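**Q** Okay, here's the structure, questions in a sec.
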Amino acid sequence: MNKKMAKFVKSLNEKTKALVLDILESPTKWNLIQFYKTNPFSIHTPRGLANIIGRKASIVSKEAECLARAGVLKKISANGDLSAIYSYEPEKGIAKIIDSLIELCGDSREAVKELVAAIKES
């Protein structure tokens, strides 16, 4: 584990650890975050997001709703599960955490696994 990763893990409180693990242990949630970080002004339904990230719409709907409840995404319209509309508008503290996750892990599944293991060991 590199110094940046160790410093990040040390900075997490229990609630934040749970959120980070929830995000990193779900490939769909992680894909949604990566998409929205690359396309921060996008607004999409779970169906649209599913087409973009290559996942089932029903799974994307469930995971996007979890991210909205956690303050990562904003649900801007509730027209039913698959027709709801989400945007990337994380709460302030969460935005910093997401930025750190993207910086530490990027597109590397190995970095994600390493970070998850480090958090679980802490």
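**Q** With a ≥ b ≥ c the root eigenvalues of the C-alpha gyration tensor of the chain, is it rounded (a/c under 1.5), prolate (a/b larger than b/c) or oblate?
**A** Taking the square roots of the gyration eigenvalues as a ≥ b ≥ c, the chain is prolate.
**Q** For the chain, what relative contact order do you get, as a whole percent, if you take Cα pairs closer than 8 Å and at least 6 residues apart?
**A** About 29 percent, as a whole number.
**Q** In the neighborhood of residue 121, defined by Cβ-to-Cβ distances under 13 Å, what is the net charge if each Lys or Arg adds +1 and each Asp or Glu adds -1?
**A** Every neighbour counted, the sum reads +3.
**Q** A follow-up question, please. At 0.36 nm per residue, and after removing the present C-alpha to C-alpha distance, how many nm does the segment from residue 22 to residue 38 gain when stretched out fully?
**A** Taking 0.36 nm per residue and subtracting the Cα distance, the gain is 3.7 nm.
**Q** Taking amide hydrogens as modeled 1.01 Å from N in the peptide plane, which residues meet the under 5 Å criterion relative to residue 44, leaving out close sequence neighbours?
**A** When sequence neighbours closer than 5 places are left aside, the close amide H contacts are 86.
**Q** Run the helix sum for the chain: -39,500 (n - 2.57) per DSSP H stretch of 4+ residues, divided by residue count, reported at 222 nm to the nearest 500 deg cm²/dmol.
**A** The helix-only estimate for the chain comes to -20000 deg cm²/dmol at 222 nm.
**Q** Now a separate question. Filter the chymotrypsin sites (Phe, Trp or Tyr not before Pro) in the range 16-122 down to the DSSP loop ones having no more than 13 other Cβ atoms within 10 Å, then list what survives.
**A** Of the chymotrypsin sites (Phe, Trp or Tyr not before Pro), the ones in loops of the range 16-122 whose Cβ has at most 13 other Cβ atoms within 10 Å are 41.
**Q** Using θ = phi - 60° and the Karplus form 6.51 cos²θ - 1.76 cosθ + 1.60, what ³J(HN,Hα) does each residue of the range 18-35 get, whole Hz, x for Gly and Pro?
**A** Residue by residue, the range 18-35 yields 4, 5, 4, 4, 4, 5, 6, 7, 10, x, 5, 4, 5, 4, 4, 5, 4, 4 Hz.
**Q** Still on this structure, please answer the following. Which net charge results for the neighbourhood of residue 88, defined as the other residues with beta-carbon distances under 10 angstrom from its beta-carbon, given Lys and Arg at +1 and Asp and Glu at -1?
**A** +1
**Q** Of 12, 118, 60, which is farthest along the charge dipole of the chain in the positive direction, counting Lys and Arg as +1 and Asp and Glu as -1 at C-beta?
**A** Checking the options against the dipole of the chain, the answer is 12.
**Q** Give a residue-ordered list of calculated ³J(HN,Hα) values for the range 6-13 (Karplus: 6.51 cos²θ - 1.76 cosθ + 1.60, θ = phi - 60°; whole Hz; x for Gly, Pro).
**A** Working through the residues one at a time gives 4, 5, 4, 4, 5, 7, 7, 8 Hz.
Each value in this text was obtained by applying a stated rule to the coordinates, not by laboratory testing. In this text the structure is predicted, and so the values were computed from the model without any measurement. Every residue, glycine among them, receives a Cβ derived from its backbone with ideal geometry; neighbour counts consider all protein chains shown.
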